[in-house]
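To start, the structure itself, in structure tokens.
Bear in mind that the values in this text are calculations on the coordinates, not laboratory data. As the structure is a computational prediction, the values presented were derived from the model and not from experiment. FYI the Cβ positions are ideal-geometry reconstructions off the backbone, even for glycines, and counts take in every protein chain you see.
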Amino acid sequence: PGAKYKDPKQPLNTRVDDLLRRMTLAEKIGQMSQIDQENATADVISNYFIGSVLRGGGNVPAADAPPEAWVKMVEGIQRAALSTRLGIPVMFGIDAVHGHGYVYKATVFPHNVGLGCTRDPELAKKIGAAVALEVRATGIPFIFAPCLAVCRDPRWGRCYESFSEDPKLVQQMASIISGFQGEIPTGGWRGAPFIASQHNVAACAKHYVGDGGTASGINENNTVATFHELLGIHMPPYYNAIIQGVSTIMVSYSSWNGIKMHANRFLVTDFLKNKLRFRGFVISDWLGLDRITSPEHADYPLSIKLGILAGIDMVMIPYQYVEFRDDLMTLVQNGTIPMSRIDDAVRRILRVKFTLGLFENPYADTSLVGELGKQEHRDLAREAVRRSLVLLKNGKPGEKPLLPLPKKAHGGSILVAGSHADDLGSQCGGWTIKWQGMTGNNLTAGTTILDGIKSAVVPGTDVVFSENPDAGLIQQNRGRFDYAIVVVGEHPYAETSGDNLNLTIPAPGPAIIQNVCGSIKCVVVLVSGRPLVVEPYIGIIDALVAAWLPGTEGKGISDVLFGDYGFTGKLSRTWFRSVDQLPMNVGDAHYDPLFPFGFGLETKPS
Ligand SMILES: OC[C@@H]1[C@@H](O)[C@H](O)[C@@H](O)c2nc(CNc3ccccc3)cn21
């Protein structure tokens, strides 16, 4: 009869143990190696027994590639892995952090800061399930999502990846995992990885732990906190992730009280694996081991020793796989790292691969290609956009509300102004097509906010778009416009490039607000990854909407501006008055926000 590990009727642990005992040290180290797709040739995959490949920086498989091209690329990598002696399938991972953002024509959902404003775990679950289908459409079974950061300082470049500053709200939205992986049956699986079907993917709760608590929001920096504060603020979402059977957990670049998380055995092994009984695998971040030392990669053998002994199971190397293999081989052979640690890592990795069904289904289900960017998913994203919007002001004191806007301008025209009214890339933000995101309208399929406005007004209503209207022109034509919609905000960024200490609205946003709102009744729609400085302008603004980073379905914004749906969103984050107050979070002793956590005006559908 065939080897037990190949028999799906065998119990999971029997398969894991049977396979593990057959493996050489080189094959075990291979399973612990994740490399970037750019260096994942068939020879490298098979000669180094690579266990996982990720899509990193490069343009893969080509610009504007259709799902079939992704399927073909992943298939080639898988075929190489299955050609090895033991035929252990490879696990391809990608950052589908707000939909399958890297893939041309995928549905791009609002980033997590906006989803947090819906406060709806069921919506999060539906989104997770839709994203899983779009990821599977490209033949990929593993995503580096959700980010469960509790962002405590909006100066952090990754704050938009965090559902909220409040751990309870992040815990609620962590239900997205049950969408990604499928709903875990009650009573089973204590802490073990769970994936329901081939329409689901292995998720990754990240970045463990305290990534959102660094000093001044400096990315990859130091989170100073007592163990009690760490457990009270940053740890709770991981309880929810583990209960849902999250398959993997990614370690944070950041440090806790000066100790690098990637070298923290107490938190990764003693607490996460032994106390919380997490039984999936722990993965490093990109060059995470290298960054244990400064400068990075200064002492790779030391980095590997500290990271692997801390409890990291899979290493996102992502290029120096030869050095990694050689150094780790030496560390095991000279007894620095016990084989029991290696076996624990490989057991966890194999447990996820067997649970994913990779041995039975190593290749894509090509019947799913139509799931990518499916209208049903776009409709779901549009609903999420509507419910993520937060109405912060609606009419000046003593004046009647400006929103919902009339769809017919009474003989006049409507002015739409601002850099973000007609910029699909900026409304999607980072992690879209490119790591850092892109500006402009030809990056993928979607509708801009301006598209939405034009389709919402009654035919014959004159919509005038001026990206950066001249003050004089406004003055001359002020009587012509019934009202103006000013759409300004941040341009796309990701990680450290988003770190920002002043949080002002990027130019020429403030000037556009002053020019337009000083003369015409205006609603300002802010497209940003976080609260920005608005207090200096709030007086001349008639209505103010926080739209966050809504993604490809821009009609979700016009749906609510024009009253097809009411505003229901509530702030997932405190809106500060001035950056001098930061960090300032709900529950703090000194709490003097412009708009408090949970704030949001409501309107009725018209
Ligand atoms: O993209 C893989 C990981 C991602 O899952 C982590 O959340 C994030 O911290 C992270 N940073 C990098 C480093 N920068 C980078 C991102 C994309 C392509 C190439 C390099 C890679 N990754």
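Give the calculated FRET efficiency between N442 and D18 to the nearest 0.05, with a Förster radius of 51 Å applied to their Cβ-Cβ distance.
0.50
Kindly give the semi-axes, whole Å and largest first, of the ellipsoid equivalent to the range 515-593, taking each as the square root of 5 times a Cα gyration tensor eigenvalue.
Over the Cα atoms of the range 515-593, the ellipsoid semi-axes are 25, 18, 11 Å.
If the rule is a partner Cβ under 4.7 Å, which cysteines in the chain fail it?
C117, C147, C204, C428
Run the quick spin-label model on D7 and D580: label points 7 Å from Cα toward the beta carbon, then report their separation in nm to one decimal.
Label-label distance for D7 and D580, simple model: 7.4 nm.
I'm checking a number: the convex hull volume of the Cα atoms of the chain, normalised per residue, in Å³. What is it?
142
Please enumerate, by chain and number, the aspartates and glutamates with C-alpha under 14 Å from the C-alpha of K374, excluding those fewer than 8 residues away in the same chain.
E134, E553
Restricting things to alpha carbons, tell me how big the range 1-116 is in terms of Rg and Dmax, in Å.
Calculated on Cα positions, Rg and Dmax stand at 17.1, 54 Å.
About its Cα centre, what dipole magnitude does the chain give when the only charges are +1 on Lys and Arg Cβ and -1 on Asp and Glu Cβ, stated in debye to the nearest 20?
The dipole magnitude comes to about 1360 debye.
Under 5 Å between amide H atoms, partner at least 5 residues away or on a different chain: which partners does G93 have, H built in plane at 1.01 Å?
V53, L54, R55
HN-Hα J couplings of the range 248-254 from phi, Karplus 6.51/-1.76/1.60, θ = phi - 60°, integer Hz, Gly and Pro as x?
Once θ is set to phi - 60°, the couplings for the range 248-254 become 9, 9, 9, 7, 7, 5, 5 Hz.
For the pair D326/A42, report the inter-label distance in nm, with labels modelled 7 Å from Cα in the Cβ direction.
Going by the 7 Å Cα→Cβ label model, 2.7 nm.
Using the Kirkwood radius over C-alpha pairs as Rh, can you work out the diffusion coefficient of the range 386-439 via Stokes-Einstein at 25 °C, viscosity 0.890 mPa s, in µm² per second?
The estimated diffusion coefficient comes to 169 µm²/s.
At 0.36 nm per residue, and after removing the present C-alpha to C-alpha distance, how many nm does the segment from E360 to D379 gain when stretched out fully?
Here the segment from E360 to D379 would lengthen by 3.5 nm.
Report the trypsin sites (Lys or Arg not before Pro) located in the range 77-169 that are in a DSSP loop and have at most 14 other Cβ atoms inside 10 Å of their Cβ, or state none.
Taking the range 77-169 and a limit of 14 other Cβ atoms within 10 Å, the loop trypsin sites (Lys or Arg not before Pro) found are R85.
Measuring from centroid to centroid over Cα atoms, what is the spacing of the range 502-577 and the range 438-489 in Å?
About 14 Å separates the Cα centre of the range 502-577 from the one of the range 438-489.
Mind checking which of L276, S426, I485 is farthest towards the positive end of the chain's charge dipole, using Cβ charges of +1 (Lys, Arg) and -1 (Asp, Glu) about the Cα centre?
It is L276.
Going by how many other beta carbons lie within 10 Å of each one, how would you line up T366, T603, fewest first?
T366, T603
Expressed as an acute angle from 0 to 90° and rounded to the nearest 10, what is the orientation of the C-alpha long axis of helix 121-136 relative to the principal long axis of the chain?
Once rounded, the angle reads 60 degrees.
Send over the per residue convex hull volume for the range 239-296, Cα only, as a whole number of Å³.
Taking only Cα atoms, the range 239-296 has a hull volume of 77 Å³ per residue.
Loop-only GluC sites (Glu not before Pro) in the range 452-513, please: DSSP not H, G, I, E or B, and at most 16 other Cβ atoms within 10 Å.
E467
Kirkwood hydrodynamic radius, the range 384-476, all distinct C-alpha pairs: what's the number in Å?
One over the average 1/r among Cα pairs gives 15.6 Å for the range 384-476.
Take F142, F595 and order them by how many other Cβ atoms sit within 10 Å, fewest up front.
Final ranking by Cβ density, sparse to dense: F595, F142.
At a Förster distance of 30 Å, what's the computed FRET efficiency of N334 paired with K275, Cβ-Cβ distance as r, to 0.05?
The computed FRET efficiency comes out at 0.45.
By its C-alpha gyration tensor, with a ≥ b ≥ c as the square roots of the eigenvalues, how is the range 491-559 shaped: rounded for a/c under 1.5, else prolate for a/b larger than b/c, else oblate?
It comes out oblate by the Cα gyration axes.
In bins 5 Å wide, starting from 0, what share of all Cα pairs of the range 270-397 does each bin hold, as a percent?
2, 8, 13, 14, 12, 10, 10, 9, 9, 6, 4, 2, 1, 1, 0
Average the reciprocal distances over every distinct pair of alpha-carbons in the range 61-219, invert the result, and give the Kirkwood radius in Å.
16.6
For the range 388-491, please report how many Lys pairs fall under 27 Å Cα to Cα, leaving out neighbours fewer than 8 apart on the same chain.
10
If a paramagnetic tag sat 7 Å from the Cα of F266 along the Cα-Cβ line, which residues of the range 226-251 would have the backbone N under 11 Å from that point?
Hits in the range 226-251 for F266 at 11 Å: 226-228.
Can you give me the pair-distance distribution of the range 379-535, C-alpha pairs, 5 Å bins, whole percents?
Bin by bin from 0 Å, the calculated values are 2, 8, 16, 21, 22, 16, 9, 5, 1, 0.
I need the shape label for the range 467-606. Rule: rounded when a/c is under 1.5, else prolate if a/b > b/c, else oblate, with a, b, c from the alpha carbon gyration tensor.
prolate
Hey, what's the Kirkwood Rh for the range 209-347 if you take every pair of different alpha carbons, in angstrom?
15.3
With the crude spin-label approximation of a point 7 Å out along Cα→Cβ, what separation in nm comes out for A69 versus S83?
Between A69 and S83, the simple spin-label model gives 2.4 nm.
P(r) of the range 22-63 in 5 Å steps, Cα pairs, percent per bin?
6, 24, 28, 19, 12, 6, 3, 1, 0
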